[in-house]
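In what follows, a single structure is set out as structure tokens and then discussed.
The values are calculated or read from the model by the stated rules, or taken from the named source; none is laboratory data. Predicted model only: the values in this text are computed from it and were never measured. Using ideal geometry, Cβ is built from the backbone for each residue, glycine included, and neighbour counts are taken over all protein chains shown. Accessible surface areas use protein heavy atoms only, side chains included; no ligands, DNA or RNA. Shrake-Rupley method; radii C 1.70, N 1.55, O 1.52, S 1.80 Å.
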Amino acid sequence: MLDCGLFQGRRQDMYTRNAALPVRPDSLSGVLLSHAHVDHSGRLPRLVHLGFRGPIYATRATIDFCSLLLADSAYVLRTQTAQINQRRLERGLPPLPDLYTDDDVRQTLALMQPVKWYEELVLGPHLRASFIPAGHIPGASSILLRELSTHGSCSLVYSGDVGRTNDWIMPDPAIPSGADFAILESTYGDCEHRPYLYARSELARNLRSTLAAGGVVVIPAYSVGRTQRLVYELRDLISSGELPNIPVYVDSPLSVEASRAFMRHPDVLHMPDGPDRTFARLQAVHVVSSEESRALRSQPGPFIVLTASGMCEAGRVLHHLKRNLPDPNSRVVFVGFCAEDTLGRLLLNKQPSVRINGEVVPVHAHIDNYDTFSAHADQRGLAQWIQAQPSLRAIFLVHGEEPQAFALAEHLESLTAREVIVPFANEAFSLSPTGVRPLEPNEYPPT
Ligand SMILES: [Zn+2]
């Protein structure tokens, strides 16, 4: 199995989708994990809960970040299940069990086996795998699988999440060589990120006006990757005088831990200015205890606070939003992807009011969106990754919503004249040296 991620969106639907797995856990010989983000790793403890005991291969940095993210995920899911159960109780329905426990997370981490980039992994008499850098976040990898059979050899590359070239701290995504087939993510398959310098000066201008009016800037950000990227950017804007010297808070114990974890893995980072200068720009005021966090919620502006979760689904971000959304002097700045039906997406869609923990909150604050700071390649970057692999015969697009996936499919087809497939969920194909064949339902693996 390649990755085992968590679906995010409307709670009750997500519980059902995350509870089921597309294959029987005992039919798997192992899992290859591209990186630690929970939309790739967050259902591994569910797999273990349902009986999986095989190896989970990942880079050391991925394992380290998983130890933070999976523990947090267990907590978030428990909170969400409790909310679902509250409503079920009111309707006289029996409670749902937790998707997984802290113990499942511990067992999952114990099954993880570290792999090094470019090292060949022998998974069976005829199957080999290797991990190569994907950029994106520390340890993130693309995975190349090669099957050697009596009919010849056949290989498949799974992109994981493809990062940006010339990133602030991540190496450029490596280009796999010799693959016949690719499974490619399509998160930003329909657009190109705005140029960095343009976005940076607009960000500085907007933040200056909010801070001058005494407002609060709330930046909901993923704990791993986006938080560090934005702290780095803000420190740079402050030291160049483009922003006033105001406090930058990171109000999330997980994000604070993740920033420390970055510093534990300088070997997988790209730091032209050297680790000392780079890490110095990750300094912020860390808010860890709940007392400090409560104090910050009533502190008058101006200040900037980065807080999780990035899609505003849970955590301390909800308190900051509740307080600041009704204030026309405040500003909420999105810097990463928000899935459909999440609070983040509702805010980006400019809803006049939103519901937070059952309370209706009017939205008067400014809402900004900067995909420029995304850790994902855009359409051009994804196309470059494919075009650099002339051996590819067919491409499967995954991990995007329909408009993004279909736009990318059209673009790649016109650009490369190769077969591009946007599969349905749970659709199955057979790959062989002779090509791609969709499986008949009676050939599907057992579920
Ligand atoms: Zn990711």
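With +1 on each Lys and Arg Cβ and -1 on each Asp and Glu Cβ, how big is the dipole of region 1-142 about its Cα centre, in debye rounded to the nearest 20?
380 debye
Determine, from the Cβ-Cβ distance of residue 165 and residue 351 and an R0 of 41 Å, the FRET efficiency 1/(1 + (r/R0)^6), rounded to the nearest 0.05. Mind dumping the intermediate values first?
Numbers: r = 35 Å, r/R0 = 0.86.
Using R0 = 41 Å, I get an efficiency of 0.70.
Using the Cα centre as the reference, give the magnitude of the dipole from point charges on the C-beta atoms of the chain (Lys, Arg: +1; Asp, Glu: -1; all else neutral), rounded to the nearest 20 debye.
Here the chain has a charge dipole of around 940 debye.
Select from 329, 348, 311 the residue farthest towards the positive end of the dipole of region 311-384; place +1 on Cβ of Lys and Arg, -1 on Cβ of Asp and Glu, and compute about the Cα centre.
329
Can you compute the helix-only [θ] at 222 nm over the chain? Use -39500 (n - 2.57) per DSSP H run of at least 4 residues, normalise by all residues, nearest 500 deg cm²/dmol. Could the numbers behind the result be given before it?
On the way: 14 runs with 156 residues, N = 447.
-10500 deg cm²/dmol, from helical runs alone.
Checking the a/c ratio against 1.5 first, then a/b against b/c, what shape does the Cα gyration tensor give for region 1-83?
It is oblate, given that a/c is not under 1.5 and a/b is not larger than b/c.
So for the chain, considering every pair of alpha-carbon atoms, how many percent are separated by more than 29 Å? Walk me through the intermediate numbers first.
Working: 48043 of 99681 pairs.
Beyond 29 Å sits 48 percent of the P(r) for the chain.
Quick check for you: with a 1.4 Å probe and neighbouring chains kept, what is the accessible area per residue of region 1-115, in Å²?
44 Å²
Round to a whole number: what % of the accessible area of region 83-174 belongs to carbon and sulfur, probe 1.4 Å?
Solvent-exposed carbon and sulfur of region 83-174 make up 53 percent of the total.
With contacts defined as alpha carbon pairs under 8 Å and 6 or more residues apart, what's the relative contact order of region 1-115 in percent?
That works out to 31 percent.
Within region 196-373, what whole-number % of the accessible surface is contributed by carbon and sulfur, with the 1.4 Å probe and all protein chains included in the calculation? Each step should come with its number before you reach the end.
Details: 3690 of 7200 Å².
For region 196-373, the apolar C and S fraction of the accessible surface comes to 51 percent.
Could you go through region 270-278 in sequence order and give the Karplus-derived ³J(HN,Hα) for each residue, using 6.51 cos²θ - 1.76 cosθ + 1.60 with θ = phi - 60°, rounded to whole Hz, and x for Gly and Pro?
Result, rounded to whole Hz: 10, 10, x, 8, x, x, 4, 5, 5.
How much length, in nm to one decimal, is gained on full extension between residue 149 and residue 425, taken as 0.36 nm per residue of separation minus their Cα-Cα distance?
So the extension gain works out to 96.5 nm.
Which one, 6, 129, 152, projects farthest toward the positive side of the charge dipole computed for the chain from Cβ point charges (K/R +1, D/E -1)?
Result: 6, furthest along the dipole toward the positive end.
Please sort 61-70, 254-263 by packing, taking for each peptide the average over its residues of neighbouring beta carbons within 10 angstrom, highest first.
61-70, 254-263
Could the peptides 301-309, 49-57, 17-25 be put in order, highest first, of the mean number of other beta-carbon atoms found within 10 Å of their residues?
So the peptides 301-309, 49-57, 17-25, ranked by packing, come out 301-309, 49-57, 17-25.
For residue 388 and residue 291, compute 0.36 nm times the residue count separating them, minus their Cα-Cα distance, and round to one decimal in nm. Can you show the working numbers first?
Working: separation 97, 0.36 × 97 = 34.92 nm, distance 5.18 nm.
Working it through step by step, the gained length comes to 29.7 nm.
Taking a ≥ b ≥ c as the square roots of the eigenvalues of the Cα gyration tensor of region 30-149, is the shape rounded (a/c under 1.5), prolate (a/b larger than b/c) or oblate?
prolate
Can you give the convex hull volume per residue for the Cα atoms of region 196-373, as a whole number of Å³? Don't jump to the answer; show the numbers that get you there.
Working: hull volume 20.0 nm³, N = 178.
So the per-residue hull volume is 112 Å³.
Assuming R0 = 45 Å, can you tell me the calculated FRET efficiency for the pair residue 194 and residue 276, based on Cβ-Cβ distance, to the nearest 0.05?
On the way: r = 31 Å, r/R0 = 0.69.
After rounding to 0.05, the efficiency reads 0.90.
Counting only the backbone N, which residues of region 413-433 are under 14 Å from the spot 7 Å out from the Cα of residue 27 toward its beta-carbon?
426-430
Which one, 92, 30, 113, projects farthest toward the positive side of the charge dipole computed for region 1-115 from Cβ point charges (K/R +1, D/E -1)?
Most positive-ward Cα: 92.
So what is the relative contact order of region 196-373, in percent, for Cα pairs below 8 Å that sit 6 or more residues apart?
Numbers: 305 pairs, mean separation 54.5, N = 178.
After rounding, I find 31 percent.
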